[in-house]
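J.: Quick one: the structure is below, and I'll ask about it shortly.
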Amino acid sequence: MEAEELLRRIDGAEKIIIGLGEEWALGQDRQRLLEAYGLLEKLTRGKDLWVVTTATDGLIYETAFDLGRVTAPCGNIHWFQCSKACTKDIWEEGEVPDGICPHCGAPLTANTVRAEVYIEEGYLPKWQKYKQWQTRTLNRSLLLLELGVGLSYPTVIRWPFEKIAMLNEKAYLLRVHESLSQLPEGLTRAGRVKENSVDWVLKLTQQ
Ligand SMILES: [Zn+2]
């Protein structure tokens, strides 16, 4: 897809959901990744949008995206939980300076899917808000911008996006992924780009 067509689609969309997957995880050039986030935010600024991400590195906290409209169901490293999951309490950075659970004395651990027992209460309030907002996208022109989402957590972004694009006649799914950009058969309101989605976003300015 050409940058021009993407801009036209962003412009014409009443609502946008940006889904960010594995290709957006930290572990690559941090500055470059932040640049891609920045560009994505600029391209979609002012739109009625949500970002759903499976990244747990919390890098999106350092971007201009409205964090009230970002949901990270796999957790994020800026929040903490009891490593023994003795409580559903979630602490923010610096709230428990010694990093020890005040209830049971076990060390705290990052509130992400990598915790032995993941306390989902961390992300759920935001997730529910997102789902609620999503019900209002029915029959509205909706752009699903799915970037770098593979098959690690398909129930969070990939499969729901496909379902929405099937059901909502005014939706359009754009899937960008280096190796997993294939679309399900019969899904016509969709397009694909076989390219790393971070590279793809960064290239949008050069056109
Ligand atoms: Zn505890």
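J.: Per residue, what volume in Å³ does the convex hull of the Cα atoms of segment 122-191 enclose? Spell out each step's value before the answer.
T.: Values: hull volume 6.1 nm³, N = 70.
Here the figure is 87 Å³ per residue.
J.: Toward the positive end of the charge dipole of the chain, about the Cα centre and with charges on Cβ (Lys, Arg +1; Asp, Glu -1), which of Phe161, Phe80, Leu39 goes farthest?
T.: Phe161
J.: Write down the radius of gyration of segment 1-41 and its Dmax, each obtained from C-alpha positions, in Å.
T.: 12.4, 34
J.: A further question follows. Would you mind telling me the share, in percent, of accessible area of segment 135-207 contributed by carbon and sulfur at probe 1.4 angstrom? Walk me through the numbers before you get to the answer.
T.: Values: 1860 of 3680 Å².
Carbon with sulfur: 51 percent of the solvent-accessible area.
J.: May I pose another question? Expressed as a rounded percentage, what relative contact order does segment 76-117 have, with Cα pairs under 8 Å and six or more residues apart?
T.: Details: 64 pairs, mean separation 21.0, N = 42.
It comes to 50 percent, rounded to a whole number.
J.: For Lys15, list the aspartates and glutamates whose Cα falls under 18 Å from its own Cα; do not include residues on the same chain fewer than 8 positions away.
T.: In chain and number order, the partners are Glu5, Glu41, Asp48, Asp66, Glu146, Glu162, Glu169.
J.: On to the next question. If we sort 23-33, 107-117 on the protection proxy, mean other Cβ atoms within 10 Å, highest first, what's the order? Intermediate results must be reported in sequence, preceding the final value.
T.: Numbers: 23-33: 15.5, 107-117: 17.2.
Result, highest mean Cβ count within 10 Å first: 107-117, 23-33.
J.: Still on this model: For segment 76-117, what is the charge dipole size about the Cα centre, in debye to the nearest 20, if Lys and Arg each add +1 at the Cβ and Asp and Glu each add -1 at the Cβ?
T.: Numbers: 3 positive and 6 negative charges, 44 e Å.
In total the dipole reaches around 200 debye.
J.: Where does the chain land at 222 nm, in deg cm²/dmol rounded to the nearest 500, when only DSSP H runs of n ≥ 4 count, each adding -39500 (n - 2.57), divided by all residues?
T.: Values: 5 runs with 54 residues, N = 207.
That calculation yields -8000 deg cm²/dmol at 222 nm.
J.: A further question on this structure: Per residue, how big is the convex hull around the C-alpha atoms of segment 1-118? Give it to me in cubic angstrom, could you?
T.: Numbers: hull volume 14.1 nm³, N = 118.
Hull volume over Cα atoms, normalised by residue count, gives 119 Å³.
J.: Along its principal axes, what span do the Cα atoms of segment 76-117 show, with the longest given first and each in whole Å?
T.: 22, 19, 14
J.: Right, here's the next one. May I ask you to give the solvent-accessible area per residue for segment 47-162, in square angstrom, as obtained with a 1.4 angstrom probe?
T.: On the way: 5540 Å² over 116 residues.
Here the residues of segment 47-162 average 48 Å² of exposed surface.
J.: By residue number, which cysteines of the chain lack any other Cys whose Cβ falls under 4.7 Å from their Cβ?
T.: Cys74
J.: Something else: What span do the alpha-carbon atoms of the chain cover on each of the three principal axes, reported in whole Å from largest to smallest?
T.: Principal extents (largest minus smallest coordinate, Cα): 55, 35, 31 Å.
J.: Right, something else. Pick from Thr56, Thr137, Thr188: which is most flexible by mean-square fluctuation in a GNM of the chain where alpha carbon atoms under 10 Å apart are linked?
T.: Of the options given, Thr188 has the highest mean-square fluctuation.
J.: Can you give me the % of accessible surface on segment 76-117 that is carbon or sulfur? Probe 1.4 Å, all protein chains present, nothing else counted.
T.: Details: 1280 of 2530 Å².
The nonpolar share, carbon plus sulfur, comes to 51 percent.
J.: Separate question: Among the listed pairs Lys42/Lys170; Lys163/Lys194; Lys42/Lys203; Lys47/Lys131, which are separated by more than 19 Å between their Cα atoms? Mind dumping the intermediate values first?
T.: Values: Lys42/Lys170 24 Å; Lys163/Lys194 21 Å; Lys42/Lys203 14 Å; Lys47/Lys131 17 Å.
Correct reply: Lys42/Lys170; Lys163/Lys194.
The values are calculated or read from the model by the stated rules, or taken from the named source; none is laboratory data. Here the structure is a predicted model, which means the values were calculated and not measured. Every residue, glycine among them, receives a Cβ derived from its backbone with ideal geometry; neighbour counts consider all protein chains shown. All accessible areas refer to the heavy atoms of the entire protein, side chains included, with ligands and DNA or RNA removed. Shrake-Rupley method; radii C 1.70, N 1.55, O 1.52, S 1.80 Å.
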